[in-house]
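Asker: Pasting a structure here, questions to come.
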Amino acid sequence: MIKTKIEYIHQLKLLLEDHPDRDEIIHEIACHTDELLQECDLPEYEAISLVQRQIGTPEKLASQFRYVSSKEAWNVKKMFIIINALFFAVGGLLAFGAKISVHLHTIWELLAQSCWIVLFVYSGYWVFIGFEIGKEYGAKGKGLLERTIRAAIIPNIILMLITLIGILPSELFHSFLSSSFLIGCLAATFFFFPISKIGYYMGVRKVFD
């Protein structure tokens, strides 16, 4: 029976001896373990028992970790990049379609009036990215998350630059160009990676299972 963090990590090291990402996995699991140990005010042997219930025994973790091939990682990254690009495509179509369609104009105005809600929901998408990668790949998904965020956030940065330069047609986007909302968007863009990591850690711990 495992009673200490040292025993827990040592056993996981042995079980992952031939895994190509062993060092990264061990480091990530050790960090998770330290966080949980700090959160609970229990003797170490009880805390380690809690850790094993929350993130798994060494045997369970070792069985879950499988090598993520380049092709598999690219497919995951591509899917989230495409979904993020679709958000921009749909928004653009609604904005320009609002000039020629009464129905699209109504939808666009409703979105404009609820811009803060839209930003909040969209931020939730970035939490979802992290959660799904953490849930599916565990500690070995951290690198995949970072690569995915770096690629997926490119349209956001481009849009932010275009907005700050003043290229966006003000007659279409006037409701979204208030200084407070622009500051909110800029802050959200800056925090997309941190909030994605929050989702990632939730996914690793499978908090909703």
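The values are calculated or read from the model by the stated rules, or taken from the named source; none is laboratory data. Fair warning: this is a prediction, and the values are worked out from it, not measured in the lab. Methodologically, a virtual Cβ is constructed for each residue, glycine included, from the backbone with ideal geometry; neighbour enumeration extends over all protein chains shown. To get the accessible areas, we keep the full protein, side chains included, count just its heavy atoms, and leave off ligands, DNA and RNA. Shrake-Rupley method; radii C 1.70, N 1.55, O 1.52, S 1.80 Å.
Let's see how each residue does on (1) among the acidic types (Asp, Glu); (2) touching a Lys or Arg at 6+ places or on another chain (Cβ under 7 Å); (3) touching a residue at least 24 places away in the same chain (Cβ under 8 Å); (4) closer than 20 Å to Gly134 by Cβ:
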site: Asp23; (1), (2), (3), (4): yes, no, no, yes
site: Ile29; (1), (2), (3), (4): no, no, yes, yes
site: Pro43; (1), (2), (3), (4): no, no, no, no
site: Gln52; (1), (2), (3), (4): no, no, yes, yes
site: Leu61; (1), (2), (3), (4): no, no, yes, yes
site: Asn75; (1), (2), (3), (4): no, no, no, yes
site: Asn84; (1), (2), (3), (4): no, no, yes, yes
site: Phe96; (1), (2), (3), (4): no, no, yes, no
site: His103; (1), (2), (3), (4): no, no, no, no
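To keep it simple, each residue is scored yes or no on (1) assigned to a helix (DSSP H, G or I); (2) surrounded by 13 or more Cβ atoms within 10 Å (Cβ to Cβ); (3) at positive phi.
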{"site": "Ala73", "(1), (2), (3)": "yes, yes, no"}
{"site": "Val76", "(1), (2), (3)": "yes, yes, no"}
{"site": "Phe80", "(1), (2), (3)": "yes, yes, no"}
{"site": "Asn84", "(1), (2), (3)": "yes, yes, no"}
{"site": "Phe88", "(1), (2), (3)": "yes, yes, no"}
{"site": "Gly92", "(1), (2), (3)": "yes, no, no"}
{"site": "Lys99", "(1), (2), (3)": "no, no, no"}
{"site": "His105", "(1), (2), (3)": "yes, yes, no"}
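Asker: Being among the hydroxyl-bearing types (Ser, Thr, Tyr) and modelled with pLDDT under 90 is the requirement here; does Tyr125 meet it?
Answerer: Working: among the hydroxyl-bearing types (Ser, Thr, Tyr): yes; modelled with pLDDT under 90: no.
It is false that Tyr125 is among the hydroxyl-bearing types (Ser, Thr, Tyr) and modelled with pLDDT under 90.
Asker: Inside the stretch 31-41, can you point out the residues that are more than 24 Å from Ile133 (Cβ to Cβ), assigned to a helix (DSSP H, G or I) and open to solvent by less than 80 Å² (accessible area, probe 1.4 Å)? Let's see the steps before the verdict.
Answerer: Start the filter on the stretch 31-41 by keeping residues that are more than 24 Å from Ile133 (Cβ to Cβ), which leaves 37-38, 40-41.
Now drop any that are not assigned to a helix (DSSP H, G or I), which leaves 37-38.
Residue satisfying the conditions is Leu37 alone.
Asker: Give the number of residues within the stretch 107-145 that are among the hydroxyl-bearing types (Ser, Thr, Tyr), more than 30 Å from Gly56 (Cβ to Cβ) and in a helix (DSSP H, G or I).
Answerer: Step one: of the stretch 107-145, the residues among the hydroxyl-bearing types (Ser, Thr, Tyr) are 114, 122-123, 125, 137.
If we keep only those that are more than 30 Å from Gly56 (Cβ to Cβ) as well, we get 114, 122.
Next, from what is left, pick out any that are in a helix (DSSP H, G or I): 122.
Adding up the residues that qualify gives 1.
Asker: Here are Pro194, Pro169: which of them is surrounded by fewer than 19 Cβ atoms within 10 Å (Cβ to Cβ) and at pLDDT below 85? Please lay out each step first, then the result.
Answerer: On the way: Pro194 fails: at pLDDT below 85.
The conditions single out Pro169.
Asker: Would you mind stating whether Lys135 is exposed (fewer than 14 other Cβ atoms within 10 Å of the Cβ) and touching a residue at least 12 places away in the same chain (Cβ under 8 Å)?
Answerer: Details: exposed (fewer than 14 other Cβ atoms within 10 Å of the Cβ): no; touching a residue at least 12 places away in the same chain (Cβ under 8 Å): yes.
The answer is no for Lys135.
Asker: A follow-up question, please. Can you say whether Gly141 is at pLDDT 90 or above and either in contact with a helix residue (DSSP H, G or I) (Cβ under 7 Å, 6 or more places away or on another chain) or open to solvent by 30 Å² or more (accessible area, probe 1.4 Å) (or both), as far as the supplied structure shows?
Answerer: On the way: at pLDDT 90 or above: no; either in contact with a helix residue (DSSP H, G or I) (Cβ under 7 Å, 6 or more places away or on another chain) or open to solvent by 30 Å² or more (accessible area, probe 1.4 Å) (or both): yes.
Judged against the criteria, Gly141 is not a match.
Asker: While we're here: Anything in the stretch 10-28 that is open to solvent by 20 Å² or more (accessible area, probe 1.4 Å) and in a helix (DSSP H, G or I)? List them, or say none. Step through it out loud before you land on a result.
Answerer: Of the residues in the stretch 10-28, the ones open to solvent by 20 Å² or more (accessible area, probe 1.4 Å) are 10-11, 13-15, 17-24, 27.
Answer for the stretch 10-28, where residues must be open to solvent by 20 Å² or more (accessible area, probe 1.4 Å) and in a helix (DSSP H, G or I): His10, Gln11, Lys13, Leu14, Leu15, Arg22, Asp23, Glu24, His27.
Asker: Quick check on the stretch 53-60. Is at least one of its residues touching a Phe, Trp or Tyr at 6+ places or on another chain (Cβ under 7 Å) and either of a type in the set (A, V, I, L, M, F, W, C) or open to solvent by less than 80 Å² (accessible area, probe 1.4 Å) (or both)?
Answerer: Looking only at the stretch 53-60, we keep the residues that are touching a Phe, Trp or Tyr at 6+ places or on another chain (Cβ under 7 Å), and these are 58.
Add one more test, that the residue is either of a type in the set (A, V, I, L, M, F, W, C) or open to solvent by less than 80 Å² (accessible area, probe 1.4 Å) (or both), and what stays is 58.
Scanning the stretch 53-60 turns up at least one residue that is touching a Phe, Trp or Tyr at 6+ places or on another chain (Cβ under 7 Å) and either of a type in the set (A, V, I, L, M, F, W, C) or open to solvent by less than 80 Å² (accessible area, probe 1.4 Å) (or both).
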